[in-house]
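Input: a single structure, listed below in structure tokens.
Read the figures in this text as sums done on the coordinates, not as results from a lab. Note that this is a predicted model, so its numbers are computed, not measured. Methodologically, a virtual Cβ is constructed for each residue, glycine included, from the backbone with ideal geometry; neighbour enumeration extends over all protein chains shown.
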Amino acid sequence: MAKDTFHGPLEQVDACCWRIPKSYKPGMRVDGLIFTNERMLESIKKDQAPEQVANVAFLPGIQHASLAMPDIHWGYGFCIGGVCATDPDEGGVISPGGVGYDINCGVRLVRSNLFYRDVKPHVRELVEDLFRNVPSGVGRSGHFKYDRKELAHLLGDGPRFLLGRGLATQGDIDHTEAMGRLDGADPDQVSDHALNRGAEQCGTLGSGNHFLEVQVVDHVFDEDAAAAMGLEKDMICVMIHSGSRGLGYQVCDDALAALRKVPQKYGIDLPDRQLACAPVNSPEGQRYIATMRAAANFAWCNRQLLMQQAREVFARVFGRSWQELKMNLIYDVCHNIAKFEEHTVDGKKKKVWVHRKGATRAFPPGHPEVPAQYRKIGQPVIIPGDMGRASWVLVGQPGSMDKTFGTTCHGAGRAMSRTAAVSTRSWRRAASSPGRKRKKDWRKNSRKRTRMSMTSWKWSTTPGCRRRWRACAPSA
């Protein structure tokens, strides 16, 4: 199904937005809106992601439109890059397919007071040490093991549980989306199977497109925003992309099994069983929300421990504590989540459940959920590049609230499967490519919602690429 070309209607709204009218399929409650440009639209139409945008428009209580970000592709239920908001006061539902299997997969960015010239002589030592000390790969267990009582604290409290163990600071908590904790998590509702899968995986990267990268700032486009985040040209940073590992996957799998017949129970007619859902205020909906929140809190702990392990590696290699190296967290943002937020819909303020699947929150200046340090510039929005292109740090703008419930794209994407990539390009060729071409199209679309401030990676420690490192030439 994912390989089929989309042949439905797509009406151009403006240079960066296309509409699937709700008249396309009987049962659609709202339009579908895809934020892209004409060039990228041709690629988007090559699979059934737009059809999934239309299918999401069937969900009860959906508000404004079924939305899709510029880097959408086919996924389970929702497309990856799909966004929707549902109002529980209008029968709104919660759908695991709108969050994804890797609950609270997200990205964090860490600065330092090191610069390219300082790190260049130590690249091999640094990367080798990171490979040895930051676990990566499918099913890999890590250095931290937790019993059931400790797991309950991780799932209930998030990184705050790590404060008393010297594995987190208050500054880390303050610079994490939602301060690293969703209220209402219920670890007791999480299955034994999920707990067993998570017991030894907190502090591990996983596989797929998850990574830990050593990066260097090579362009600053907004001096004020960069200064607020403590970023300078040629500064060394660390970016981490990971989620809730096997625990989150199992929470989603358990929920999908439990919700399989729930739409029929509540008289909800859906075009795709992968959109299994429950009314937010139903017992089934509340159970999923409680376990999803617990998995989200676990994911924040996972990224916190990954960051702490990276800090310790830097301290060993450079002979100074991570505090002396000023390895402070700039921000941690999640992009597989459902959260209860206040938004203005048709001129009225409402509390709605915003599903973001492969999509990043982008709140504007002045928003109360933006850390005080960034309230004048807007929330840092971290968009990781794929394996051949730069990463970007942006800041949220008011347009995101008006158009996308405060949301922008995900990044870290790929144009083909890993199997296809291996069959068409060897590691030797990838490593010896003379340069890189920046993928600008979706970032042009994002500028209406966010403002650029920083780019570029230099070395990566990506799961599945053990004992290999890439040193890209600085951009011109």
Folded to 0 to 90 degrees: helix 283-318 orientation relative to the chain principal axis, Cα: 10 degrees
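What percent does the relative contact order of segment 51-167 come to when contacts are Cα pairs within less than 8 Å and at least six residues apart? Don't skip to the end; give the middle numbers.
On the way: 84 pairs, mean separation 18.3, N = 117.
The value is 16 percent.
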Set of aspartates and glutamates with alpha-carbon distance to Lys25 below 20 Å, sequence-local pairs under 8 removed: Asp4, Glu11, Asp47, Glu51, Asp269, Asp272
His193-Val123 FRET efficiency (beta carbon distance; Förster radius 30 Å; 0.05 resolution): 0.15
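By counting other Cβ atoms within 10 Å of each Cβ, how are Lys348, Lys339, Lys120 ranked from fewest to most? Present the calculation step by step, with values, prior to reporting the outcome.
On the way: Lys348 7, Lys339 21, Lys120 13.
Listed from fewest to most nearby Cβ atoms, that is Lys348, Lys120, Lys339.
Output the relative contact order of the chain, whole-number percent, from Cα pairs under 8 angstrom with separation of 6+ residues.
Working: 1107 pairs, mean separation 99.2, N = 476.
After rounding, I find 21 percent.
For segment 224-348, what does the relative contact order come out to in percent, with C-alpha contacts under 8 Å and a separation of six or more? Let's see the in-between values first.
Working: 64 pairs, mean separation 33.5, N = 125.
Contact order relative to length: 27 percent.
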Spacing of the two label points (7 Å from each Cα toward its C-beta) at Ala15 and Ser141, in nm: 5.6 nm
Peptides ranked, highest mean first, by Cβ atoms within 10 Å: ranges 19-25, 232-238, 328-334, 403-409: 403-409, 328-334, 232-238, 19-25
Degrees between helix 123-133 axis and first principal axis of the chain (Cα, 0 to 90, nearest 10): 60 degrees
Positive-end residue, the chain charge dipole about Cα centroid, Cβ charges, pick of Val93, His367, Asn336: Asn336
Listed residue pairs exceeding 21 Å between alpha carbons, taken from Lys348/Lys403; Lys261/Lys350; Lys265/Lys339: Lys261/Lys350; Lys265/Lys339
Peptide ranges 146-159, 59-72 listed from the most packed, as the mean C-beta count within 10 angstrom indicates: 59-72, 146-159
Mean Cβ neighbour count within 10 Å, used as a protection proxy, ranking 268-279, 78-89 highest first: 78-89, 268-279
Separation of the Lys149 and Asp183 label points, Cα + 7 Å toward Cβ, nm: 2.8 nm
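How high is the FRET efficiency between Leu163 and Phe115 when r is their beta carbon distance and R₀ equals 45 Å, given to the nearest 0.05? Intermediate results must be reported in sequence, preceding the final value.
Working: r = 30 Å, r/R0 = 0.68.
It comes to 0.90.
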Order of His7, His367 under a 10 Å beta carbon neighbour criterion, fewest first: His7, His367
Rounded to 10°, Cα long-axis angle of helix 245-259 versus longest principal axis of the chain: 10 degrees
R0 of 22 Å, Cβ-Cβ distance Gln264-Asp4: FRET efficiency to nearest 0.05: 0.25
Gln170 versus Glu312: modelled label distance in nm, points set 7 Å from Cα along the beta carbon direction: 2.5 nm
